[in-house]
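Shown next, in structure tokens, is the structure this report addresses.
The values are calculated or read from the model by the stated rules, or taken from the named source; none is laboratory data. As the structure is a computational prediction, the values presented were derived from the model and not from experiment. Cβ atoms come from the backbone with ideal geometry, glycine included; neighbour counts cover every protein chain shown. Keep in mind that these areas ignore ligands, DNA and RNA; they rest on the heavy atoms of the full protein, side chains included. Shrake-Rupley method; radii C 1.70, N 1.55, O 1.52, S 1.80 Å.
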Amino acid sequence: MSSISTISLPTRFSGSNLLETSLLPNQNSLRFRVASFPATSRSNVAVHVRDNGTSFSSAGGVRRTRISAVAKETGTSVSTDSSFAHVQQAPEDPILGITVAYNKDPNPAKVNLGVGAYRTEEGKPLVLNVVRKAEQKLLADKSRNKEYLGITGIPDFNKLSAQLILGSDCLAIAEKRVVTVQCLSGTGSLRVGAEFLATHYGGEKIIYVPSPTWGNHLKIFPLGGIQTRTYRYFDPKTKGLDYEGMIEDLRAAPSGAVVLLHACAHNPTGVDPTQEQWEGIRRVIREEKHLLPFFDSAYQGFASGSLDTDAWAVRQFVNDGGEVFLAQSYAKNMGLYGERVGALSAIVKGADVATRVESQLKLVIRPMYSSPPTHGAAIVSLILADKDLYEEWKVELKGMADRIISMRHQLFDALKERKTPGNWDHILNQIGMFTFTGLNKQQVEYMTKEYHIYMTLDGRISMAGLSSRTVPQLADAIHSAVVNFSS
Ligand code: KET
């Protein structure tokens, strides 16, 4: 008799449906739990498999016949010797998992408003014209090769990225107090920053992140060695900023802790502080608590349509002379999602410190992925360095931002037309890629089931995924969800 280590289940029992598998202590049976078992409610099922999987029995309230049906459908693929039998089925990512579910839906009317990725009016992904032009230039340049980049990437890319967000007249750049390293988009930049801080930061190794925040922050920092705590940010009552709560929580943070700030277009809420509020936040961070600001800039140009306006808050913190960490992403503003282009900057006090910090960042990167990829950063470098391409990019970027803003108006008007209960002003007031609707999990699940609209369970809608064609469908879905289920 051999012991069981894995069992394959039909599709409807896999993925998020399969909650748990575990070996029972005698190693001769495998327990699995599924979220929904046909014709039964949530059940604990022990499946006993003997030898090559021909015999089944069950415990936990599910009939033997049903287990047999499962066995038949699967062809009972049972491995008996894996060292990974204890590995549990992980849940899908709360954001990227929405696309997985969307792809499985055969309904032609389906709409994906989950992931923050820009779509055209026709609902198609967009490659910017300026990116195509830069790619053609790269292709035509026979002097280019595929050699490894240095550990910190393309030097021009780093210089131009720092100028883009800090401004070309930035004093810290002139004083050589800025070190920038090319990383794997925004996520990779945050992760490298986290690991560097975990090893080298002289202050409190805790990062305060807004509540709520982009979900991945809560995973990136602890895995990089920095524990997270939250500060109040969003007020569900006003669907705006809880400024008092935020200030109170930052004041209560241990002196010298790190604080994560969304540079603009806060994800998921679409709520940013006003300039006056930013000034209040800056004073607490700088003068009262000596916290280290770590900016996550994933949407420069997407919020207002202007690269400079969206960099305003970051520049206040750099221009006051204090130290700043900063992660930049070109996923959204240049549409380079899958190229994984981004940068981490450390703005520190003293050119000598900057040099030493750079040397240590290399020690973080080298064993992690050795050096970054070439293609995307070469595109960005060309666009940022060439005046014509740069101007063209700004026009295209503004075009994307404007289309998102026009979607806000269309959705707002459509809900008004339907006399949907509730106040929907926040659709117009929030900025950037997302609207944080206030819809709850039950309402979202209903909209997905009945209207094939896919969005994250926290009620976030990617406005960039919406088009004039799909606005009525979304408005119908929201209307029906609000009327049928109270918030
Ligand atoms: N920071 C924020 C605030 C953010 O919203 C994202 C992506 C990233 C960083 C990372 O992007 P990168 O592709 O690594 O440069 N957010 C969207 C996509 C995702 O979840 O990965 C989203 O929220 O839908």
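Structure notes:
- The residues listed here are I427, I431, I405, I478; of these, the one that is in contact with a strand residue (DSSP E or B) (Cβ under 8 Å, 6 or more places away or on another chain), outside the structural domain of V271 (by TED's automatic domain parsing) and either β-branched (V, I, T) or open to solvent by 60 Å² or more (accessible area, probe 1.4 Å) (or both) is I427.
- Residue in region 266-285 that is among the aromatic types (F, W, Y) and under 22 Å from the mean Cα position of the chain (by Cα) present: no
- Filtered residues of region 159-214 (kept if among the polar types (S, T, N, Q) and within 16 Å of the ligand (Cβ to nearest atom)): S161, T180, Q182, S185, T187, S189, S211, T213
- Against the conditions (1) under 27 Å from I365 (Cα atoms); (2) surrounded by fewer than 17 Cβ atoms within 10 Å (Cβ to Cβ); (3) more than 16 Å from the ligand (Cβ to nearest atom), L223 satisfies every one except (3).
- Filtered residues of region 147-206 (kept if at pLDDT below 95 and charged (D, E, K, R)): E204
- Against the test of being touching a residue at least 60 places away in the same chain (Cβ under 8 Å), charged (D, E, K, R) and open to solvent by 60 Å² or more (accessible area, probe 1.4 Å), the options K362, K387, K419 yield a single qualifying residue, K362.
- The numbered conditions (1) loosely packed, with under 15 Cβ neighbours inside 10 Å; (2) in contact with a strand residue (DSSP E or B) (Cβ under 8 Å, 6 or more places away or on another chain); (3) not basic (K, R) are all true for L113 except (1).
A quick yes/no check of all residues on (1) of a type in the set (D, E); (2) over 23 Å from P268 (Cα atoms); (3) within 16 Å of the ligand (Cβ to nearest atom):
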| position | (1), (2), (3) |
| --- | --- |
| G376 | no, yes, yes |
| E392 | yes, yes, no |
| I427 | no, no, no |
| F434 | no, no, yes |
| R460 | no, no, yes |
| S467 | no, no, no |
| A475 | no, no, no |
| N484 | no, yes, no |
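- Residue that is at pLDDT 90 or above and either of a type in the set (D, E) or open to solvent by 60 Å² or more (accessible area, probe 1.4 Å) (or both), where the choices are N52, N44, N129: N129
- A Cβ distance below 6 Å, combined with a sequence gap of six or more or placement on separate chains, defines the contacts here; from region 454-474, residues that are of a type in the set (F, W, Y) reach residues that are within 12 Å of the ligand (Cβ to nearest atom) in the pairs Y454/I98; Y454/N112; Y454/G114.
- Near pairs, Cβ below 7 angstrom, 6+ apart or cross-chain, from region 82-95 (modelled with pLDDT of 80 or more) to any residue that is within 16 Å of the ligand (Cβ to nearest atom): E92/V100; P94/G215; P94/T456; P94/L457; I95/G114; I95/V115; I95/G215; I95/T456
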